[in-house]
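Everything on this sheet refers to the single structure shown next.
The values are calculated or read from the model by the stated rules, or taken from the named source; none is laboratory data. It should be emphasised that the depicted structure is a prediction, and the values quoted were computed from it without experimental measurement. Don't worry about glycine lacking a Cβ; one is built from the backbone with ideal geometry, like all the others, and counts go over all protein chains shown. Remember, those area values only see protein heavy atoms, side chains included, never the ligands or the DNA or RNA. Shrake-Rupley method; radii C 1.70, N 1.55, O 1.52, S 1.80 Å.
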Amino acid sequence: MGFDLRQVVAGILTLTMFVMLIHMIKRDHFDSVQDKTFPGSTEDATYETVKMDATHVRKNIGLWKGDTDELKPCWVKPSGDEVEQTEGFVTFSLTNGPEYHISQIADAVIVARNLGATLVVPDIRGSQPGDKRNFEDIYDIGVFTKSMDGVVKLTKELPAQVTTSKIAAVKVPNRVTEDYIARHVEPIYRSKGNVRLATYFPSINMRKSGKKGDTDSIACLAMYGSLELQPEMHDLVDSMVERLRTLSRKSDGQFIAVDLRVEMLNKKGCQGNDDSDGEKSCFNAQEIAMFLRKIGIDKDTTIYVTQSRWDDSLDSLKEFFPKTYTKESIMPADKKAKFLDSGDSELENVIDFYISTESDVFVPAISGLLYANVAGKRIGSGKTQILVPSEISDSSASASSFLSPYISKKNHFAYSCYC
């Protein structure tokens, strides 16, 4: 009995296709098993669901991605020809940390320009009496000087003949206006010849005003174009950010910065709810852990906390997110004596502020000026993933629901400066 070669070939092809089909069915079944949540405790099941949501969030709403459109500075640097120069001086100090420095520098520049006065480069004061340092110990004096060229006249120190008795102390509100300067500052300046400014903060919000004022370009330049860290500080922050990215291999080098300082939670501003809208304004470590878990943050995510040294209250955050670090665990060993062990809170605050501006996601556990001014810096660099914590009653929620109103409504003052 003879064989038809065509029938043999057809049979072999049919058998081969059948084997391939079996393998495909097995692979599909294996993949679907991996995606399922297996029975277990309620807590475990919830976490598995959240972990799957995290993948969904990353792919669909860009949890780790800020503005797709790059923003550029759109302020116009004013000309020095527009101001009549006077003989007096404006002095001031940078105080309370970098989140205040940004606002203080802007107010001083606006006042000095309006008065036609010479601005004295500020010193930097810490929280303790006698805690004083030079501007260039933290910031790049060259960058500051260049940015102010043609805006205000600068000097590094007062002439010897200008004694403290010839300087009048004047308080100005944050985001001082030309009208306020004309009514409350200029008469004193004309009478005394020199003024020393102290900025107070009637409000900590940084929402942009409805009408763009004449001083906005100067404020934009001062806040976002004049202060850069001096090289050693800049390199330290860069090395710590790089360390965090190295620890974040499972999340493609991305990490979250959480502004959570335990000592702040016991202060008056963190007791109760925010008077303005009734919302909770401060969150402890356990509350932050639950918030991050419910919006779908993966347990392997690296988290940087601004608390200087480890506190037992942070254990609840580390239980959910084992890769949680404070600066003491990621700072290079040869820098700890100067920047950490010295007990200099000013230097530590600077590190926290600038790491918070560089993280892929920023979560302000404490509502305040650090949150507001970190947001401004992040808007300028396109890092707009700022998630404001909340108490979530459901088992999970979309991260996009908690995007900072500064971002979702584009109502931060920085949006007046970048376009």
Checklist outcome for this item: Ranking LEU94, LEU158 from most to least accessible area with a 1.4 Å probe gives LEU158, LEU94
Checklist entry - Shape call for the stretch 100-228 from the C-alpha gyration tensor, a ≥ b ≥ c root eigenvalues: rounded (a/c under 1.5), prolate (a/b greater than b/c) or oblate? => result rounded
Checklist outcome for this item: Judged on accessible area alone, 1.4 Å probe, highest first, ASP298, ASP334 line up as ASP334, ASP298
Checklist entry - If each of ILE392 and VAL76 carries a label point 7 Å out from its Cα toward its Cβ, how far apart are those two points in nm? => result 4.6 nm
Checklist entry - In what order, largest first, do TYR304, TYR200 sit by accessible area if the probe radius is 1.4 Å? => result TYR200, TYR304
Checklist entry - Separation between the LYS250 and LYS267 pseudo-spin-labels, each 7 Å from Cα along Cα→Cβ, expressed in nm? => result 3.5 nm
Checklist entry - With labels modelled as points extended 7 Å from the Cα through the Cβ direction, what inter-label distance (nm, one decimal) is found for SER329 paired with GLU242? => result 2.2 nm
Checklist entry - Cα centroids of the stretch 214-263 and the stretch 291-354: how far apart, whole angstrom? => result 14 Å
Checklist outcome for this item: the stretch 109-135 scanned against label point 7 Å out from GLU157 along Cα→C-beta; backbone N under 15 Å for 120-124, 133-135
Item to check | Diffusion constant of the stretch 365-419 at 4 °C, which comes from Stokes-Einstein with the Kirkwood Cα-pair radius and 1.567 mPa s, µm²/s | outcome: 108 µm²/s
Item to check | Inter-centroid distance (Cα atoms) of the stretch 114-131 relative to the stretch 367-415, Å | outcome: 31 Å
Checklist entry - Dipole size in debye (nearest 20) for the stretch 73-132 around its Cα centre, Lys and Arg Cβ +1, Asp and Glu Cβ -1? => result 180 debye
Checklist entry - If you keep only loop residues by DSSP, which trypsin sites (Lys or Arg not before Pro) in the stretch 158-244 have at most 10 other Cβ atoms within 10 Å of their Cβ? => result LYS211, LYS212
